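K.L.:
Once you've had a glance at the structure underneath, I'll fire off some questions.
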């Protein structure tokens, strides 16, 4: 998918993002500590349930995976709070994960992540969930990646 | 809902950071790790020459081999110098165990499990605690030791022996234990005291879990990890390594199943020997993830046998019978290497050669529920020679599914005999041994029980001794029996009742004030109430410790130098100290030393120098290595040829020093160690020449007939009881958490994933009871009850549930019966009957955050 960087947003270091889910609950994470670009990764009109889309974020060397689950998800955006995105690099040893049968699966050592539960590891050797990419939906339906909660595998800092 | 702190940047160790070698504190596999520490206030750079990793961090790391440094691998600790230090603990790149820097979800959290007052691990014990009135209060070591030694001596003085001093202690490696602390515990209780009522950390007695193998001449740690890469067939019998020994599975078994070890097979096997990707046989009541992962590779090379609970030894004997009928054995090997007189008993009782084959197999299928064709297929995969001349190479790995089965002794004996009949031991790609749970570090003076009922046993059931009202002092070290022991509810209630009886007595006619009043009133109260004085020595205030009178703070992994071996290669390495223990916490060996010296002081004051001398065993122990060397010298002479290795204890490390271990680093040395030309030499694989018996020959044994279930469980199978308790329950562990969660309960990464103990239930049963994933149920029987979260999964069959054995919020052991194998006193933790009901209401918060996707489904 074609990327466009329309603008960047400044996320101040150390300020907690008290973002809320649809249920009005505090999310799983504290704030990202770094400043991230805002990048268009899709439009809600083009997404179909369980049809994952890959994109690069926060730069060309990191792959993300965007999926509309068709069921509410922690950190989900869109009218049904079911659109989520994660770093596609497995947090165990860096292999690219695939979205299959409603979950994210690493083909190297079979770690599995629940996309509706902030990509927590519900089976396998990975020690932490996949980093969740914070999304925002613009009035025209564009989906923007705003920041990343969690460290992309293979980096000491995300940006 | 958990509020988990995610990170998007990590500190970089500067080039001058201190680097230590260590080994993961958790499971049996013993992955190698590197620890980097440096003072807070500096950082390294991205270029390879600017950081201690020596790695270019400007580019993303290469998957499957690049540096692994993830969010949970960094923390900050404070040392005794008052300075803060970064601690980075990452998988080592030079370990023969965790190749390519592989690691598990356990090892990934080594750094965040370190003690810090700024994190949840602030719950670590810092100072001795004494129950004063109804609360714990801090006291100095000298006061604690004086009270403890005074009570222990008072009991001995009155009784004239140590029968009323009961102990439950760790006897393993890793996790802050290791050879050093095992030697300390052993010297105190076996040489200074003569304690006979002692039990091992996870069971009610002091026993081997595998006397059925050891008394045949086979120690349970006999293979090397390379054998999993060389085998034609891997058998996992009551073992689920993908979840409990993950890296052993992913780096040593899975590559063989995938056919990725053919180069090693070419180099290591015989000239002209045929080989291919490995076959996998899983014997387990569940469709474990170890099975279902392999099914993703090639289902046609997997075989799943699901025997009825408790019937595994009948199945192992049946596979052996097929091996016999199809002549897959080598008579010359049997004659040269095994006791042919005892073989007759094996043929009669285990193989039942007097019973016609068809009749025998029909009976086996009736008992075990396993079809004859599957049994025969298993025998072919295990023992059918390859071509004309090459015996098959089968590695059989078993663990608690066999050990904590009904009839422990016969189960283990049947399995090892099946392997020896097919010559599957002592050769490359073969072996019959334990998967292991934790690492090992056993070195002790002779224990009070020499063996099973056939060798001077069985050992005393210490749980029963205590719940029957016997014993006065109960000393628990590095274990949490309030979660881990069988028939747990009865045990907890009874210990609480007895400890409280003493606490109440201490308050009568005024609380004690002076130290000598404490001692005399405790001794008086023990006699007057039938109560129990409980001492807990641990790193946290465990469930058990909450009921103690005296709590002694111990140091943990990384807070001292220690040594252990792993189970899959017997690889001995040095786990280097990289931080200080909290407060006044001490190594277990040092606590044992100090108790001994305090006892000696009391005896000297009475002019009993000879008794005092026995308690001064640790007076020259000043460093961890002093204790390591002292323990090492207790092993027999090991300057012997390789052909005699079978005569050595499996963990013999005599002649090894810390300097030697520093030199070999992650490569370690495989025990038993021998001395050749003055240098320590390791043992790759055991029993290639002789077995570990007096004459060096394998000692056969005739197993019992099938006699049905013991009364403790059989009571649930008749009439109304069968209707009231309609489910079989088996139990076990899970990938995400370690043992009783003593560390994990403080880590949000773990508690979010597994917020409660759980059961697995088949969809048919769930539908019948109106239960869905995430619901809460009550599980109960006459022994006990508990609340569990439900996963709906086809891992279990209809009519059988699987329950997580330990979680800090509850244990399935509450429902486990008090049955133990009369031959070994090993419990049957993994089989009983229960009733289940859905609990009213639900916990939406829990349902929203935990995942209920099926954990064994990888397709």
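Coordinate-derived values only; no laboratory data. Keep in mind that what you see is a predicted model, and the values were worked out from it rather than measured. All Cβ positions, even for glycine, are placed from backbone atoms using ideal geometry, and neighbour counts span all protein chains on display.
K.L.:
How much FRET efficiency would the formula 1/(1 + (r/R0)^6) give for residue B:342 and residue A:137, where r is the Cβ-Cβ distance and R0 is 60 Å, rounded to 0.05?
P.N.:
Numbers: r = 76 Å, r/R0 = 1.27.
In this case the efficiency is close to 0.20.
K.L.:
A further question follows. Want the number for residue B:386 to residue B:626: 0.36 nm per residue separation, take away the alpha-carbon distance, what's left?
P.N.:
81.3 nm
K.L.:
Still on this structure, I have one more. Under a plain spin-label model, where a point goes 7 Å from the Cα along Cα-to-Cβ, how far apart in nm are residue B:845 and residue B:504?
P.N.:
Spacing of the two 7 Å Cα→Cβ label points: 3.6 nm.
K.L.:
Also: With a 10 Å Cβ neighbour count serving as the proxy for reagent exposure, in which order, fewest first, do B:832, B:62, B:793, A:91 appear?
P.N.:
B:62, B:793, B:832, A:91
K.L.:
Assuming a viscosity of 1.306 mPa s and a temperature of 10 °C, what translational diffusion coefficient in µm² per second does Stokes-Einstein assign to segment B:1-116, Rh being the Kirkwood radius over Cα pairs?
P.N.:
Answer from the Stokes-Einstein relation: 108 µm²/s.
K.L.:
Using a 7 Å offset from the Cα along the Cα-to-Cβ direction at both residue B:262 and residue B:331, what is the distance between the two label points in nm, to one decimal?
P.N.:
According to this spin-label approximation, the distance is 3.8 nm.
K.L.:
Estimate the FRET efficiency between residue B:358 and residue B:642 by the formula 1/(1 + (r/R0)^6), using the beta-carbon distance for r and 51 Å for R0, to the nearest 0.05. Walk me through the numbers on the way to the answer.
P.N.:
Values: r = 46 Å, r/R0 = 0.90.
So the FRET efficiency works out to roughly 0.65.
K.L.:
Now for a separate question. Over the whole of B:57-64, what's the average partner chain Cβ count within 10 Å per residue? Rounded to a whole number, please.
P.N.:
Per residue, the number of nearby Cβ atoms from other chains is 6 on average.
K.L.:
If the label point is 7 Å along Cα→Cβ of residue A:43, which residues in segment A:141-155 have backbone nitrogen under 15 Å from it?
P.N.:
A:141-144
K.L.:
Suppose we keep just the alpha-carbon trace of segment B:384-465; what are its Rg and Dmax in angstrom?
P.N.:
Rg and Dmax of segment B:384-465, Cα atoms, are 16.6, 57 Å.
K.L.:
What does DSSP give for chain B in terms of the percent of beta bridges that are antiparallel, rounded to the nearest 5?
P.N.:
Details: 54 of 101 bridges.
Of the beta bridges lying entirely in chain B, close to 55 percent run antiparallel.
K.L.:
What is the ratio of the Cα radius of gyration of segment B:54-144 to 2.2 N^0.38 Å, with N the residue count, to two decimals?
P.N.:
Relative to the 2.2 N^0.38 Å estimate, segment B:54-144 comes out at 1.56.
K.L.:
Using a Förster distance of 22 Å, how high is the FRET efficiency between residue A:56 and residue B:50, based on the Cβ-Cβ distance and rounded to 0.05?
P.N.:
Details: r = 27 Å, r/R0 = 1.24.
Computed FRET efficiency for residue A:56 and residue B:50 comes out at 0.20.
K.L.:
Moving on to the next point. Starting from the Cα-Cα distance between residue B:613 and residue B:511, subtract it from 0.36 nm times their residue separation and give me the gain in nm to one decimal.
P.N.:
Result: 33.3 nm gained on full extension.
K.L.:
So how compact is segment B:415-502: Cα radius of gyration and Dmax in angstrom?
P.N.:
18.9, 58
K.L.:
Can you give me the distance in nm between label points at residue B:496 and residue B:677, each placed 7 Å from the Cα along the Cα-to-Cβ direction?
P.N.:
A separation of 6.4 nm, rounded to one decimal place.
K.L.:
Cα-based Rg of segment B:308-422 per 2.2 N^0.38 Å, rounded to two decimals?
P.N.:
Compactness ratio reported: 1.03.
K.L.:
Residues of segment B:412-437 with the amide nitrogen closer than 18 Å to a label point 7 Å from the Cα of residue B:689, along Cα-to-Cβ, please.
P.N.:
B:425-428
K.L.:
What's the percent breakdown of Cα-Cα distances in segment B:452-576 across 5 Å bins, shortest bin first?
P.N.:
Calculated P(r), rounded to whole percents: 2, 9, 15, 16, 15, 14, 11, 9, 5, 3, 1, 0.
K.L.:
Can you give the Kirkwood hydrodynamic radius of the protein assembly as shown from its Cα pairs, in Å with one decimal?
P.N.:
Hydrodynamic radius (Kirkwood, Cα pairs) of the protein assembly as shown is 29.8 Å.
K.L.:
Let me ask another. Taking N as the number of residues in chain B, what is its alpha-carbon radius of gyration divided by 2.2 N^0.38 Å?
P.N.:
0.93
K.L.:
Starting from 0.36 nm per residue, how many nanometres of slack lie between residue B:468 and residue B:715 once their C-alpha separation is accounted for?
P.N.:
Roughly 86.7 nm would be gained on extension.
K.L.:
Is it possible to state the helix-based mean residue ellipticity at 222 nm for chain B, with each DSSP H run of 4+ residues giving -39500 (n - 2.57), the sum divided by total residues, to the nearest 500 deg cm²/dmol? What is it? Working shown, then result.
P.N.:
Values: 28 runs with 251 residues, N = 859.
Helices in chain B give a 222 nm mean residue ellipticity of -8000 deg cm²/dmol.
K.L.:
Taking one equal scatterer on every alpha-carbon of segment B:708-859, how large is log10 of I(q)/I(0) by Debye at q = 0.10, 0.11, 0.13 1/Å?
P.N.:
Log-scaled intensity ratios, in q order: -0.35, -0.43, -0.60.
K.L.:
May I have the extent of the alpha carbons of segment A:39-149 along their three principal axes, as whole Å values ordered from largest to smallest?
P.N.:
Here the Cα extents, ordered largest to smallest, are 40, 29, 20 Å.
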